[in-house]
Amino acid sequence: MLGFLGSLLALSISVPLLIFVAAPYIRKYVAGGVCKSTAKLHGKVVVITGANTGIGKETARDFAGRGARVILACRDMAKAEAAACEIRTKTGNQQIIAMKLDLADTKSIREFAENFLKEEKELHILINNAGVMMCPYSKTADGFEMHLGVNYLGHFLLTFLLIERLKQSSPARILNLSSLAHHGGRIRFHDLQGEKCYHRGLAYCHSKLANILFTRELAKRLQGTGVTVNALHPGTVATELTRHSFILNNLWKIMSFFVKTPVEGAQTSVYCAVAEELESVSGKYFSDCTPAYVSPQGRNDETAKQLWNVSCELLGIQWD
């Protein structure tokens, strides 16, 4: 009995001690890759969607510190103005601008693009960062399923409307935020809007796979233009993205030690946007500041081309 109690006591002491010793290493592993580039962005114009919070805000803060003119393209203007003010104060960079953009409404996307093109003569970096996750079934103003409409089609249209300005400003870069979740996605052309069968977790996966396929097809079409496009997985990050999932929202709070902070989550976005060695790299997928594996579905050229054509039809645009 005494031997058992002694072993139990030793275990109760050794486990917390082991966790304490290993904690810095666990934290470093969770944090993932770090952008080590010191590249400056003076004279460069950047647009980041959903930049009033989370990964987008921290990406904007980093670019501001590098001297860029940063446009925070956001749906909630009160939060966007507050974020812009905070970034200006902390970095000393006064060229941080908030502009209205609702990716769930193509009218708002077109208005944003029209205003941007009127006010800005250059665009060097476009980061399609904004997104929704695990929403109950709902539709955008144009009748698109919310995940597909906001995460993919909205950014598809925005990129289309800004592509000529990017070409004129080359070298330029486009980044599409995808996710490891793309591995669970499928492009279901027979039920693209999820009207026949809907699962909010899978709907998110489908939209992130669409971003991978969009990146792949767009890279081919941009060859020789001086504009590159890449996709990335920011990691599992504690942001407002999980607000529609009670379980995930609370799980991240409980397990915050094992989840990236927004600053850590922004590292791959920053890396793909500024790293000198990626100047001519296009059509790739990154995670933790390194190339990552793409699912077989994400490497299907026929699906990518078909999705491109269907997207143009849904949005009423012609993008050759």
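What follows is calculated from the coordinates using simple rules that are stated; it is not laboratory data. Owing to the predicted nature of the structure, the values given are computational and were not obtained by experimental measurement. When we count neighbours, we look across all protein chains shown, and the Cβ atoms used for this are built from the backbone with ideal geometry, even at glycine.
A few remarks follow.
- Check: segment 34-176 dipole with +1 on Lys, Arg Cβ and -1 on Asp, Glu Cβ, in debye: 560
- Lys, Arg +1 and Asp, Glu -1 on Cβ, resulting dipole of segment 41-315 about Cα centre, debye, nearest 20: 140
- Here the calculated FRET efficiency for Thr89 and Tyr293, from their Cβ-Cβ distance with R0 = 41 Å, stands at 0.50, rounded to the nearest 0.05.
- Largest first, the extents of the alpha carbon coordinates of segment 41-315 on the three principal axes equal 50, 47, 36 Å.
- Taking segment 41-315 and dividing mean pair separation by its residue count, relative contact order in percent (alpha carbons under 8 Å, at least six apart): 18
- Counting only residues at least eight positions apart within a chain, or on another chain, the lysines with an alpha carbon under 29 Å from that of Lys118 are Lys40, Lys44, Lys57, Lys79, Lys90, Lys100, Lys107, Lys167, Lys220.
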